[in-house]
Amino acid sequence: MFVKWVKLKNFRNYTDASVEFHSGINLISGGNGQGKTNLVESMMLCALSKSPRTSHDEDMKMENTTFTEASVCVERNFGDITLDCRIDESGKKFFINTNEIKKVSELFGNLVAVYFSPNDLKIVYASPSERRDFMDTDISELSGSYYSLVQRYNKVLFQRNRILKTIHNRQDILDQIDVWNEQLATLAGYIIKTRKNFIEKLKTPAKKIMKYISKETEELNISYVGANGETADEIKKEILKSLEFNIDRDMELGYTSIGPHRDDVKFELDGRDARIFASQGQQRSIVLALKIAELTVFKEELGENPVLILDDVFSELDTARQKKLYDMFDGYQVIMTGTNFKFKPNSSYKQLNVRKATIKSKDFVISNN
Ligand SMILES: Nc1ncnc2c1ncn2[C@@H]1O[C@H](COP(=O)(O)OP(=O)(O)O)[C@@H](O)[C@H]1O
Ligand SMILES: [Mg+2]
């Protein structure tokens, strides 16, 4: 699939913009603060239902305006899809081919884009919640039902925690918590199973890509850290046992201390914890390897190519790595931003220059013979 065009109204610093993209490589250049990230943010809003950089939808509305609209047209192998997002006083709404959707989960799977910005280095070095968010966001892109599953889990978790927080008599807690334990463990079983599958699929391609793009030859290992078990049912039983085993601790804490909301992903370079030992350059390579591995995993699941969006990542790499990456991008639409691109692709591409929210574009046709 590829993004054919994007149209924006009152979106951040864009009053009214319309941009067409190449089905291959798109280089979006321009100085700082001109509107490069804003442009790719609008695409991710239509892919994820939320901005990758703010949890306040209002931030995307141009200052002193009452609404914003972002529209993205995606060419899929079965035809075009137009996704629209409108944010105004009444909230945020999404439309697929002009029909308003009832549940956010319906949006997922239409524009499937792998997104990487410098902020994503957090996936390696920051707290486990960043790694859980990475899994949940990226799995949801392909599966609206996974997104709904996580939402249901969070609701049940909230109910269980409410009991732990508000009731002080041990027996009363035990009487009421059983029904929530059962529901929580069932949902946890499915969530953990899905996340384990995802990590399992990413592991081997990520290891290969890491070797290919890094000058070093470190071995990257990725593993899920959470309840044991192969099937959702085995995991459910493990979780149920742990919930019962840890009940006194949970009562003392006033919240649920085990489950997928506490799990983690471990990144190891040559057997050492990357969170502690990896340099910034290595962290960037790890996330890059992870994201490119996602491209191949998504491609397999979808039966067509997802889009790759790199915000301010590519120009930070040395030319040897840039060259290797261009070779890997063959067949994918890649939309990337940077202050300048010294090293150009050796296939046809589009150059878009952003200056104060005005975009000038130029196509470069390169023939291979
Ligand atoms: N809600 C908004 N309304 C108007 N302008 C905004 C809004 N949010 C951000 N901006 C402006 O957008 C610009 C930053 O755009 P951005 O795409 O992040 O730049 P870059 O090209 O460096 O990626 C800044 O000039 C900022 O003032
Ligand atoms: Mg930027």
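The values are calculated or read from the model by the stated rules, or taken from the named source; none is laboratory data. Just so you know, these numbers come straight off a predicted model, no measurement behind them. Note that we place each Cβ from the backbone using ideal geometry, even for glycine, and neighbour counts take in every protein chain shown. Heavy atoms of the whole protein, side chains included, go into the accessibility calculation; ligands, DNA and RNA do not. Shrake-Rupley method; radii C 1.70, N 1.55, O 1.52, S 1.80 Å.
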Among residues of region 64-85, those that are within 15 Å of ligand 1 (Cβ to nearest atom) and over 21 Å from the mean Cα position of the chain (by Cα), counted: 6
Region 131-144 residues that are over 15 Å from residue 267 (Cβ atoms) and open to solvent by less than 10 Å² (accessible area, probe 1.4 Å), paired with ones that are part of a helix (DSSP H, G or I) and among the β-branched types (Val, Ile, Thr) (beta carbon under 8 Å, 6 or more apart): 140/150
Selected residue [open to solvent by 30 Å² or more (accessible area, probe 1.4 Å), out of contact with any strand residue (DSSP E or B) (no Cβ under 8 Å at 6 or more places or on another chain) and more than 30 Å from residue 112 (Cα to Cα)] from 240, 164: 240
All positions within region 110-125 that are more than 16 Å from ligand 2 (Cβ to nearest atom), outside any helix (DSSP H, G or I) and open to solvent by 20 Å² or more (accessible area, probe 1.4 Å): 110
Failed condition for residue 61, given (1) basic (Lys, Arg); (2) within 8 Å of ligand 1 (Cβ to nearest atom); (3) within 20 Å of the chain's Cα centre (by Cα); (4) over 20 Å from residue 315 (Cβ atoms): (3)
For residue 352: the one exception among (1) free of Cβ contacts under 8 Å to residues at least 40 places away in the same chain; (2) within 16 Å of ligand 2 (Cβ to nearest atom): (1)
Selected residue [surrounded by 15 or more Cβ atoms within 10 Å (Cβ to Cβ) and within 16 Å of ligand 2 (Cβ to nearest atom)] from 1, 62, 43: 43
Candidates 285, 279, filtered to the one that is assigned by TED's automatic domain parsing to the domain that holds residue 223, of a type in the set (Ser, Thr, Tyr) and within 24 Å of residue 27 (Cα to Cα): 285
Whichever residue in region 293-316 is in contact with a Phe, Trp or Tyr (Cβ under 9 Å, 6 or more places away or on another chain) and hydrophobic (A, V, I, L, M, F, W, C) and, among such residues, is modelled with the lowest pLDDT: 314
Region 326-369 - residue that is more than 16 Å from ligand 1 (Cβ to nearest atom), open to solvent by 40 Å² or more (accessible area, probe 1.4 Å) and among the small types (Gly, Ala, Ser) and, of those, nearest to residue 32 (Cα to Cα): 347
Test: residue in region 66-82 that is within 16 Å of ligand 2 (Cβ to nearest atom), open to solvent by 60 Å² or more (accessible area, probe 1.4 Å) and either in the same structural domain as residue 9 (by TED's automatic domain parsing) or in a strand (DSSP E or B) (or both): no
